[in-house]
Amino acid sequence: QVQLVESGGGLVQPGGSLRLSCAASGSISRINAMGWYSQAPGKQRELVAGITSRDSTNYADSVKGRFTISRDNAKNMMYLQMNGLKPEDTAVYYCSADLFITGSYRLRTYWGQGTQVTVSS
């Protein structure tokens, strides 16, 4: 069984920073692409930032220059450094990973349970 667990969310003032972490655990053979998604109330879940197994990254236009995605393959961890936070960044943030479980050749997508980020004064 595979689990993705996010941490690091919370309440922060506009202009502040947060660092989200995503820990993947379980019978994992290999993790391919990973990503952070956000979902604000009443809106669809959307990609914030993605990172490949070779550390190629992509970002939503709204976060370019403010957020930085990274990963530690040895620890099966992914991070999102969020700087210059704005009220419109308020959302539940989910991590996602495309991975192979041990003994399987099928690539599957797993999701974490989400962590709330609230930007407010």
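Rule-based calculations on the coordinates, nothing more; no lab input. A quick note: this is a predicted structure, and the numbers were derived from the prediction, not measured. Quick reminder, even Gly has a Cβ in these numbers, built from the backbone with ideal geometry, and neighbours come from all protein chains shown.
Please give me the summed charge of the neighbours of A60: other residues whose Cβ is under 15 Å from its Cβ, Lys and Arg +1, Asp and Glu -1.
For residues surrounding A60, the net value is +1.
Just add up the charged neighbours of F100: K/R +1, D/E -1, any other residue whose Cβ is under 10 Å from the Cβ of F100.
On the way: positive: R30, R106, R108; negative: D98.
Residues near F100 contribute +2 overall.
Across region 36-86, the volume of the C-alpha convex hull divided among the residues equals 88 Å³ per residue. Each 5 Å bin from 0 upward holds the following percent of the Cα-Cα pairs of region 10-59: 4, 14, 17, 24, 21, 11, 6, 2.
Within region 56-121, the percentage of alpha carbon pairs spaced more than 15 angstrom apart rounds to 64%. In the chain, a dipole from Cβ-located charges (positive for Lys and Arg, negative for Asp and Glu) runs towards its positive end, and of I51, S38, L11 it is I51 whose Cα lies farthest in that direction.
Within straight-line reach of K86, meaning a Cα separation under 20 Å, sit the following aspartates and glutamates at least 8 residues removed in sequence or on another chain: E46, D61. In the chain, Rg over Rh equals 0.98, where Rg is the alpha-carbon radius of gyration and Rh the Kirkwood radius from pairwise Cα distances.
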